[in-house]
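Undergrad: Provided herewith is a single structure, encoded as structure tokens, for subsequent inquiry.
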Amino acid sequence: MTLPEEIQNLIGELLVRIKTSSAHKLNREDRARLLRMLSGISISEEKTNDGTLSLIEVKPVVSWLGLITSYKVLPVWEEAKIFQSVEENIYRFLPGEMLELTRRVLAKEVDVEEANLKLENDFYFLPITMTKFSTENVYSVLEACRSTLSMTLWGMEPDILLDDYAAYACAAYAGIDENEPGLWNETELHMIYGQIESLMGENRNSEEFSQILETKNPLEILEGLGFFTEDWPEEMRNKFRAYKPFRCVPLKTLEFWEWWLTEAIPQAWDLAQEQVEK
């Protein structure tokens, strides 16, 4: 089945953009715009009384797209050499369970309220245990699967700040984390990057800032921005000096987004249309 002309035109525009970008990234604003279009939502969404944007109920095509996208990177999780003990093996099948529940929701094989409870109780708060055994690209598979299920049941934010399954999947597919498992999620590290983003202000979303993060050590960035670091314990300083920032391989990134735009989206559209016609 053929995609609507408006969506085809946007995909063509985005393909040109990612091919001409040095990092070949499909930025969040463009991903959100595309998902809104797939769900038939205009750019000017309704706002709630407190001025925040409410969740958008997504059409099945967006959920099918999430399933296709997450299944694409599921082997990254399954082939990771992290399931060495009983503790980790408890979670070996967690991504697949989330995706299967999403499929059953779309196929109307499970009560939505039951699925909601399953998401809230078993899946929404992903196991912190696995962060210490996983590198960031491996753990991103879990996030992609959870985001797909969450968006299917609860809807999506218009700017997809949280449940951005495509971004997580790209990180899993194209990302490289050369550090020891778990280092990426340590509280101090998140705090440091949060501080960097705060100091950079609006510049934190720029391609230049992304390149800085990929090429410089977090400690060096903070020192350059004038952040007070003299009181940090030596152990913490050494940790950040040794830390290698997470990065995505540009050609793998391009490969992923080209696949997502030209294969995954048309496939999701067809699956959604077939479901309507049944």
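Undergrad: Check whether at least one residue in the range 110-118 is out of contact with any helix residue (DSSP H, G or I) (no Cβ under 8 Å at 6 or more places or on another chain) and assigned to a loop (DSSP other than H, G, I, E, B), and report yes or no.
TA: Checked against the condition, which is being out of contact with any helix residue (DSSP H, G or I) (no Cβ under 8 Å at 6 or more places or on another chain) and assigned to a loop (DSSP other than H, G, I, E, B), the range 110-118 yields at least one hit.
Undergrad: Which numbered condition in (1) without any contact (Cβ under 8 Å) to a residue 12 or more places away in the chain; (2) in a helix (DSSP H, G or I); (3) open to solvent by less than 60 Å² (accessible area, probe 1.4 Å); (4) of a type in the set (A, V, I, L, M, F, W, C) is the only one that VAL138 fails?
TA: Every condition holds for VAL138 apart from (1).
Undergrad: Checking PRO158 against (1) under 19 Å from the mean Cα position of the chain (by Cα); (2) in a helix (DSSP H, G or I): exactly one of these is not met. Which one?
TA: Checking PRO158 against (1) under 19 Å from the mean Cα position of the chain (by Cα); (2) in a helix (DSSP H, G or I), the one that fails is (2).
Undergrad: Moving on to the next point. Return the pair list, or none, for Cβ contacts closer than 9 Å from residues in the range 1-12 that are farther than 15 Å from GLN267 by Cβ to residues that are open to solvent by 20 Å² or more (accessible area, probe 1.4 Å), at least 6 apart or on different chains.
TA: Listed pairs, sorted by first residue: PRO4/MET37; PRO4/TRP269; GLU6/MET37; LEU10/ARG33; LEU10/MET37.
Undergrad: Which one is surrounded by the fewest Cβ atoms within 10 Å (Cβ to Cβ), of the residues in the range 250-278 that are under 15 Å from GLY66 (Cα atoms) and of a type in the set (Asp, Glu)?
TA: Out of the qualifying residues, it is GLU263.
Undergrad: I'd like to verify a number: residues in the range 119-130 that are outside any loop (DSSP other than H, G, I, E, B) and either surrounded by fewer than 18 Cβ atoms within 10 Å (Cβ to Cβ) or in contact with a Cys (Cβ under 9 Å, 6 or more places away or on another chain) (or both), how many?
TA: Matching residues across the range 119-130 total 6.
Undergrad: Among the listed residues MET151, MET156, which satisfies the condition of being under 13 Å from GLY66 (Cβ atoms) and modelled with pLDDT under 90?
TA: Of MET151, MET156, the one residue that is under 13 Å from GLY66 (Cβ atoms) and modelled with pLDDT under 90 is MET156.
Undergrad: Could you check how many residues of the range 172-196 are modelled with pLDDT under 70, of a type outside the set (Phe, Trp, Tyr) and open to solvent by 20 Å² or more (accessible area, probe 1.4 Å)?
TA: Of the residues in the range 172-196, 6 are modelled with pLDDT under 70, of a type outside the set (Phe, Trp, Tyr) and open to solvent by 20 Å² or more (accessible area, probe 1.4 Å).
Undergrad: Take GLU87 and tell me if it is in a helix (DSSP H, G or I), under 26 Å from PRO250 (Cα atoms) and at pLDDT below 95.
TA: So GLU87 fails the test.
The values are calculated or read from the model by the stated rules, or taken from the named source; none is laboratory data. Everything quoted here is computed from the prediction, not taken from an experiment. For neighbour counting, all protein chains shown are included, and Cβ atoms are generated from backbone atoms with ideal geometry for every residue, glycine included. Just so you know, the surface numbers come from the protein's heavy atoms only, side chains and all, with ligands and any DNA or RNA stripped out. Shrake-Rupley method; radii C 1.70, N 1.55, O 1.52, S 1.80 Å.
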